[in-house]
Amino acid sequence: MSGVRVDGLTVEFRDGPHVVRPLDEFSFAAEPGQLAIVLGPSGSGKTTLLSCVAGILAPTAGAIQVDGVRVDRLDGEALDEYRRRHVGVVYQAFNLVPSLTAVENVAMQLLAAGVSRSDAMSEATRQLEAMGLGHRLRHRPGSMSGGEQQRVSIARAVVHGPGLVLADEPTAHLDYAAAEVVLRALRTLADDGRTVVVSTHDSRLLPIADTSIELVPRAEPIERRQEELDLAKGELLFAEGDPSDVIYRLVSGELELFRTNGAGEEILRVCGAGDYFGELGPLLGFPRSASARARTDVTIEALGVVEFRALTGRTGTSADATN
C-alpha cells in the first residue's frame with residue numbers, strides 16, 4: 001500500500017502579464033490507511049493538487065512521493081505505469097462511458113492494462129458487488145442515479161488495486177443520502193489500508209477524516225511592482241467569475257462595477273480617479289463577484305496583494321470592496 005508526501009509544491013500559470021500560483025510551496029502528507037480531506041473554496045488549487053499527485057499535471061517546483069517514488073520525476077512509460085497501476089482517480093462528474101454498462105465501465109481499467117476480458121469482467125463484478133451494485137451490473141449510466149454512478153466511478157478507480165485513491169469533489173452533485181453512501185465507501189477504502197485523498201469545499205466531511213489540509217488560493221504579482229493599462233470607453237477589464245489575481249487603482253477616468261441578473265444590469269459602484277477596486281477576490285481567494293467596465297477612456301494601475309498592502313497599509317477588505 002502507498003502513502004503520499006508532497007513537499008514545497010508550486011504550480012505556476014501565466015495569465016497575460018501576471019503570474020498566478022494556485023499552489024505555492026504547499027506541503028502535506030497522508031499515510032496508508034488514512035483518509036485525508038483537502039478543504040478549500042473553488043479556485044483554491046484542490047483539483048490542481050490532485051492532478052499533480054495523479055501524474056496528470058507537472059508541477060513547476062516541489063516534490064511528490066508516492067510509496068517512495070518521486071512522481072514529479074516520472075515521464076514516458078514510467079509515468080504511464082504509475083497512472084495505470086498505482087493511483088485511482090474518482091471524478092466529480094463521474095466520467096463514465098454512456099454506451100457501456102456499469103460492469104463494462106469498471107472492466108475498462110483492467111482491459112487497458114492487458115488483463116483478459118473474462119478476468120476483467122470477473123473482478124469488475126466483484127468490485128461493484130462490494131459497492132452494493134450487484135443488481136446494477138448491466139445498467140448503463142443514464143439509467144442510474146448520481147450516487148450509483150459515483151459508486152461505479154469508485155469501483156473503476158480501485159479495480160486495479162492502487163494503493164492511492166484521489167477523489168475530486170466526489171459528493172458535489174449528490175443529495176445527502178447518496179453522499180453518505182459514497183463517503184462511507186471512501187472511508188472503507190482507507191480502512192482497508194489504502195491512502196485516500198478527497199478534495200472538497202464542504203467542511204461537513206471533516207468528521208470522517210483522519211487528517212485535513214486547508215488550501216487558501218493565492219495569486220502572486222510578476223516581477224514589476226506596478227503596471228498601468230489603458231481601456232477605451234465600454235471595454236471590460238474583468239468579468240464576473242474570472243479569477244482574482246490583482247487589485248486595481250483607477251488613475252484617470254471613470255469605471256463601473258456591475259452584475260447581470262434577470263432584469264438586466266445592476267450598477268454596484270462607479271469608481272473615479274484614485275479609487276481602489278477588486279480587493280476582495282485577491283485578498284480572500286474568491287473569483288470576481290462582479291464585472292468591471294470603463295465608462296470613459298481610463299488608465300488603471302494593477303497591483304499585487306503585497307504592493308496593495310504596502311501602499312495602503314490595509315490588511316483586510318473595505319466595507320464597499322467588490323471583487
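The values are calculated or read from the model by the stated rules, or taken from the named source; none is laboratory data. What you see is a predicted model, and the numbers here were worked out from it, not measured in a lab. All Cβ positions, even for glycine, are placed from backbone atoms using ideal geometry, and neighbour counts span all protein chains on display. Side chains are part of the model used for accessible areas, which takes the heavy atoms of the whole protein and leaves out ligands, DNA and RNA. Shrake-Rupley method; radii C 1.70, N 1.55, O 1.52, S 1.80 Å.
Any residue in region 134-146 that is open to solvent by 20 Å² or more (accessible area, probe 1.4 Å) and closer than 30 Å to Gln65 by Cα? Checking region 134-146: not a single residue is open to solvent by 20 Å² or more (accessible area, probe 1.4 Å) and closer than 30 Å to Gln65 by Cα.
Residue-wise test of (1) open to solvent by less than 50 Å² (accessible area, probe 1.4 Å); (2) in contact with a Cys (Cβ under 7 Å, 6 or more places away or on another chain); (3) part of a loop (DSSP other than H, G, I, E, B); (4) among the hydroxyl-bearing types (Ser, Thr, Tyr).
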| site | (1), (2), (3), (4) |
| --- | --- |
| Val20 | yes, no, no, no |
| Pro32 | no, no, yes, no |
| Ser51 | yes, no, no, yes |
| Glu81 | no, no, no, no |
| Arg84 | no, no, no, no |
| Val89 | yes, no, no, no |
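On inspection, Glu129 qualifies as surrounded by fewer than 22 Cβ atoms within 10 Å (Cβ to Cβ) and without any contact (Cβ under 8 Å) to a residue 40 or more places away in the chain.
Got a number for residues in region 53-78 being in a helix (DSSP H, G or I) and open to solvent by 30 Å² or more (accessible area, probe 1.4 Å)? Break it down into steps so the answer makes sense when it comes.
In the first step, residues of region 53-78 are kept if they are in a helix (DSSP H, G or I); the result is 53, 71-73, 76-78.
After this cut, where a residue has to be open to solvent by 30 Å² or more (accessible area, probe 1.4 Å) as well, the list is 72-73, 76-78.
The total comes to 5.
The residues of region 194-211 that are surrounded by 16 or more Cβ atoms within 10 Å (Cβ to Cβ) and either in contact with a Ser or Thr (Cβ under 6 Å, 6 or more places away or on another chain) or in a strand (DSSP E or B) (or both), listed by number, are Thr195, Val196, Val197, Val198, Ser199, Thr200.
Working only within region 260-316, note down all residues that are of a type in the set (A, V, I, L, M, F, W, C), modelled with pLDDT under 80 and open to solvent by less than 10 Å² (accessible area, probe 1.4 Å).
Quick first cut of region 260-316, residues of a type in the set (A, V, I, L, M, F, W, C) only: 263, 267-268, 270-271, 273, 277, 280, 283-284, 286, 290, 292, 294, 298, 300, 302-303, 305-306, 308, 310-311.
Next cut, modelled with pLDDT under 80 only: 263, 280, 283-284, 286, 305-306, 308, 310-311.
Passing the criteria: only Phe308.
Within region 166-193, the set of residues being surrounded by fewer than 23 Cβ atoms within 10 Å (Cβ to Cβ) and assigned to a strand (DSSP E or B) comprises just one member, Asp168. Within region 242-257, the set of residues being within 22 Å of Arg21 (Cβ to Cβ) and either of a type in the set (Lys, Arg) or open to solvent by 50 Å² or more (accessible area, probe 1.4 Å) (or both) comprises Asp242, Pro243. Give me the residue from region 95-126 that is surrounded by 18 or more Cβ atoms within 10 Å (Cβ to Cβ) and touching a His at 6+ places or on another chain (Cβ under 8 Å) and, out of that set, nearest to Ala167 (Cα to Cα). Here the residue is Gln109.
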